[in-house]
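The values are calculated or read from the model by the stated rules, or taken from the named source; none is laboratory data. The model shown is predicted, which means the values in this text are computed figures rather than measured ones. Heads up, the Cβs are rebuilt from the backbone with ideal geometry, glycines too, and the neighbour counts pull from every protein chain shown.
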């Protein structure tokens, strides 16, 4: 997003507290304190956050030489941290200066301090209702939390032709199935290859579903990724199921054989940690158990090498059932017992006692994102869920693993996983001491260095560090609660 890419930063204790101060303290008190010394203000504010401030202050910002990245943030993250420190300094004594607060709010957002960023940016709009950067930042936050009406209002008012903001607005329209509006801005949002598909969907609609209220299927395979049998335009095929794929993905040779309709040109889709070229398509009919789904937006990609990785010496994996289709059901993948369940929306979801819940956000059109910790690191990290990524529990660029003190050993295994074969690069296996996502934690897991492309770290203008892959889920029955935006984890 244009406004987001110009300012960056990281939260220290004084930064977090100042953000709270901007809104919670009345203007009269704020102006009075603006003339006080920074030391006195910091001491007073520290009292309001207690141990949280102490913990963050112990992890205070340090700028280190660029060549020394071991146990340190990478260069782009250090730049972001420094920019936030500058934004804090510039805001002290100027708590009613919209431009300075704008910089602080966006800097907080860049580093995922969502609550603090929202507080500051809402204060900016109180002072300057037409501030485009604040509206775009708040629109992105609304999009993350699936408040699409609010997101549309803020993003439409701030776009002014900015392709990054228009991409967020396009995500709003795609989520809501407003195909005419999506087609109108697809080219300006740098996705011209999808415009003909959106126009066709506007004429005839999408996701026409008939059949029973629920289906339960046995998987053909659970690991390295869940595989299930479906019928595509009447032909029985093997498909993967991946919360992290966007639309229905279909192997391009299979799409031709099954007479799938191709639409328009090519665009990039995010799958298995990187961007891959895909051709927009429309699947006429998909049958899953007794369910019949018609007019499904799809993307045709080359999947032969992926099939070899996830189902070696066996039947071709012809496609992937992804997020946008699954969102029309309450889906459950039982990794322990090899079952998949799809319930129509409105089905009463009653998880058993003891089930654990993990909140998720939706970045862009369909990128399910959770927050967690890796290894001994104390920095909270955003992780995109892509259980179709085989061979590891978590993947990240090596700079992220450097930060937590993890690197491949001298005899590390080169992983020929899905992302590597699609992106043309290999991953290197490494051992990650631990991973924690909400109440779900594991230790001694396999990591994939390079399994998330480094270009994805700042893709949405907000730092994202890792991809949560198939092996993280192997011991659980996982259900998506769309209403509460939670993943429900069940153990035996």
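Can you confirm whether the range 409-418 contains a residue that is in a loop (DSSP other than H, G, I, E, B), over 21 Å from residue 308 (Cα atoms) and at pLDDT 95 or above? The answer is no, given that none of the residues of the range 409-418 is in a loop (DSSP other than H, G, I, E, B), over 21 Å from residue 308 (Cα atoms) and at pLDDT 95 or above. For the range 166-181, the tally of residues that are in contact with a helix residue (DSSP H, G or I) (Cβ under 7 Å, 6 or more places away or on another chain) and either closer than 17 Å to residue 140 by Cα or without any contact (Cβ under 8 Å) to a residue 12 or more places away in the chain (or both) stands at 11. Of (1) in a loop (DSSP other than H, G, I, E, B); (2) within 21 Å of residue 330 (Cβ to Cβ), residue 224 satisfies all except one. Which? So residue 224 meets the others, but not (2). Residues that are surrounded by 21 or more Cβ atoms within 10 Å (Cβ to Cβ), closer than 30 Å to residue 130 by Cα and at pLDDT 95 or above occur in the range 176-184; there is at least one.
Of all residues in the range 256-313, those being under 27 Å from the mean Cα position of the chain (by Cα) and in a loop (DSSP other than H, G, I, E, B) number 5.
Considering the range 314-337, the residues that are closer than 16 Å to residue 233 by Cβ and part of a strand (DSSP E or B) include one that is farthest from the chain's Cα centre (by Cα), namely 318.
Evaluate the following for residue 246: is it within 26 Å of the chain's Cα centre (by Cα), assigned to a loop (DSSP other than H, G, I, E, B) and either modelled with pLDDT of 95 or more or buried (at least 16 other Cβ atoms within 10 Å of the Cβ) (or both)? Yes; evaluated as a whole, the condition is true for this residue.
Close contacts from the range 140-165, counting a first residue that is over 16 Å from residue 188 (Cα atoms) and a second that is at pLDDT below 95 and assigned to a helix (DSSP H, G or I), with Cβ to Cβ under 8 Å and a gap of 6+ residues or different chains, come to 140/4. Of all residues in the range 90-132, which are free of Cβ contacts under 8 Å to residues at least 60 places away in the same chain, under 27 Å from residue 75 (Cβ atoms) and not in a helix (DSSP H, G or I)? Hits for the range 90-132: nothing passes.
Residue 202 fails exactly one of the following numbered conditions: (1) closer than 17 Å to residue 342 by Cβ; (2) in contact with a helix residue (DSSP H, G or I) (Cβ under 8 Å, 6 or more places away or on another chain). What is the number of that condition? It is condition (1) that residue 202 fails. Within the range 150-158, not a single residue is at pLDDT 95 or above, in a helix (DSSP H, G or I) and in contact with a strand residue (DSSP E or B) (Cβ under 9 Å, 6 or more places away or on another chain). Just one of the listed residues (400, 432, 467, 462) is modelled with pLDDT of 95 or more, surrounded by 19 or more Cβ atoms within 10 Å (Cβ to Cβ), under 25 Å from residue 330 (Cα atoms) and in contact with a strand residue (DSSP E or B) (Cβ under 9 Å, 6 or more places away or on another chain), namely 467.
For the range 201-216, the criterion of being without any contact (Cβ under 8 Å) to a residue 24 or more places away in the chain and assigned to a strand (DSSP E or B) is met by no residue.
In the range 441-449, is there at least one residue being in a loop (DSSP other than H, G, I, E, B), at pLDDT 95 or above and surrounded by fewer than 19 Cβ atoms within 10 Å (Cβ to Cβ)? Talk me through it step by step, then tell me what you get.
Keep residues of the range 441-449 that are in a loop (DSSP other than H, G, I, E, B), which gives none.
No - not one qualifying residue is present in the range 441-449.
For the range 456-485, a residue qualifies if it is under 14 Å from the mean Cα position of the chain (by Cα) and not in a loop (DSSP other than H, G, I, E, B), and the qualifying residues are 456, 466, 467, 468.
Table: residues versus (1) farther than 21 Å from residue 226 by Cβ; (2) touching a strand residue (DSSP E or B) at 6+ places or on another chain (Cβ under 6 Å); (3) surrounded by fewer than 17 Cβ atoms within 10 Å (Cβ to Cβ).
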| position | (1), (2), (3) |
| --- | --- |
| 336 | no, no, yes |
| 342 | no, yes, no |
| 361 | yes, yes, no |
| 370 | no, yes, no |
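The set of residues in the range 185-200 being under 19 Å from residue 283 (Cα atoms), surrounded by 22 or more Cβ atoms within 10 Å (Cβ to Cβ) and free of Cβ contacts under 8 Å to residues at least 40 places away in the same chain consists of 198 alone.
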